[in-house]
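Before any comments, here is the structure.
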Amino acid sequence: MTRLSSTHSTQSIQSTETSSHWAARSLASVWHPCTQMQHHQAHPPQVIVRGQGVWLFDDQGRPFLDCVSSWWTNLFGHANPRINAAIQEQLGRIEHVMLAGLTHPPVVELSEKLSALTQHHLGHAFYASDGASAVEIAMKMSHHFWRQTGQAQKNEFVCLASSYHGETLGALSLTDVPLFRSAYESLIKGVHTVMSPDARQAQSGESADDVARRAAQALEELLKSRATHISALIVEPRVQCAGHMAMHSPLYLRLARELCDRHGVHLIGDEIAVGCGRTGTFFAFESAQVWPDFLTLSKGISAGYLPLSICLSTPTIYEAFLSEHMAQGFLHSHSYSGNPLACSAALAALAIFESDQVLAHNLSLAHHIKTAFHWTHDDERLEHSRQTGTILAFDLKPAWAQRHPRFSTLMHQHCMAQGLLLRPIGETVYVMPPFVIQEEEVSQMSQGIQMALDLSLASSDE
Ligand SMILES: *Cc1c(COP(=O)(O)O)cnc(C)c1O
């Protein structure tokens, strides 16, 4: 089997230990996320010791192209010199300091920049460390806002079918993925789940906008009957990533904004995966020319370097918490809120967006991806080849998926064997590479995926 070659020379590794040695030690002591550990007995985890640009390297120097940006976090490659330098410089000043009662330049500058990027619609930044916590913050702030303004009965939330908003108990209540949720159903509060605007549901003659209108109608029906008890609607704008990369028209966001305004319900935009230029605009909501009341960011905001999440909110929300009474403040906190190293990584990433005109660059990257994956439209085993910005996805047709129940595992393994890091979501294959991927590497990625697809579907599962 041919492996992709990296454009970077592979350094010799000092360590005498082999990959399998690290894998065995990992299995003895590391409980890996989103993993059935028993499956790792037969297929141990891959050790990675180094990264450079879009490439990851194991301890033998074997390269893997990071097609999924290390779980959608990495924007400008691994070991990016400018981001490394920014973190090192900050490390020489102050590594961390609590954010209650104290402040520091990186957190101030980052908050100001984010406010400016929202044209000051969302000018108040609250900090946490992971995406799920930012979602919890938006939920708590939304309900607390209604409480402060005399509508404490508004304590219900609405999410879309196939939504994913994280896996802590509050965020999990808004996550409509049975695999992640079912075991904990008795621990979580019920929510309203409404039709997703997923454009794959278009019936013959229907456009993506028509599906968006149908989904908005379903939302309207719920709000008409229940809005007095509803605190907020949460949406992943443009792409429901963990929900099989379901993509929708920006029209849905405009209609949802109108409905939320009309019925007095907050709109939370979860841009943890789709923010930071992924879909074409810096924030995905910009494509609809409306703003949510809360906007959550994580993953790409620190360029894949350090845990950082942010819940942005409007002046209306912020001002409702101002009071003489301590308990009317937002008393939520995390130990590492606004960590200076993470903020300096985020500032370095935002500086790259400006200096390298990344949004314009991403237009041509999106075009390269589209061209390289054109074959996915003609392959009779596939359907719903779709793209939003630099995210491209396609699905295995149901008949093929039924015949190959282990498709996602096999596909992952065949890709790894060819030097591609890729994890399909069930029958959905997607790529979401770092923005610094070269045109040539996009072609390598596409060819490798086509070969892995052939190999995965050639072997019989029975
Ligand atoms: C990843 C993700 C989250 C959760 O973020 P974590 O940092 O994994 O807790 C929430 N919402 C969306 C849309 C995500 O993609």
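Data table
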{"item": "Too-long pairs where the Cα-Cα distance tops 29 Å, listed order kept, from 189/299; 224/397; 113/140; 113/189; 224/370; 299/370", "result": "224/397; 113/189; 224/370"}
{"item": "Model label zone, residue 229; criterion: amide N under 13 Å from point 7 Å along Cα-to-beta-carbon; scope segment 154-179", "result": "154-158"}
{"item": "Residue-normalised accessible area of the chain, given per residue in Å² at a 1.4 Å probe", "result": "45"}
{"item": "Percentage relative contact order, segment 328-448, counting C-alpha pairs under 8 Å, at least six apart", "result": "21"}
{"item": "Area of residue 67 that stays accessible when all protein chains are in place (1.4 Å probe, Å², to 10)", "result": "0"}
{"item": "Segment 328-411: GluC sites (Glu not before Pro) falling in loop per DSSP and having at most 11 other Cβ within 10 Å", "result": "380"}
{"item": "Difference of contour (0.36 nm per residue) and Cα-Cα distance, residue 183 to residue 206", "result": "4.6 nm"}
{"item": "Tensor-based shape of segment 174-308 (alpha-carbon gyration tensor, a/c under 1.5 rounded, otherwise prolate or oblate)", "result": "rounded"}
{"item": "3J(HN,Hα) from dihedral phi, segment 407-416, Karplus parametrisation 6.51/-1.76/1.60, rounded to Hz, x for glycine, proline", "result": "3, 5, 5, 5, 4, 4, 5, 5, 5, 4"}
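The values are calculated or read from the model by the stated rules, or taken from the named source; none is laboratory data. Everything quoted here is computed from the prediction, not taken from an experiment. We place every Cβ from the backbone using ideal geometry, glycine too, and count neighbours over all the protein chains shown. Note: areas computed on protein heavy atoms with side chains; ligands, DNA, RNA excluded. Shrake-Rupley method; radii C 1.70, N 1.55, O 1.52, S 1.80 Å.
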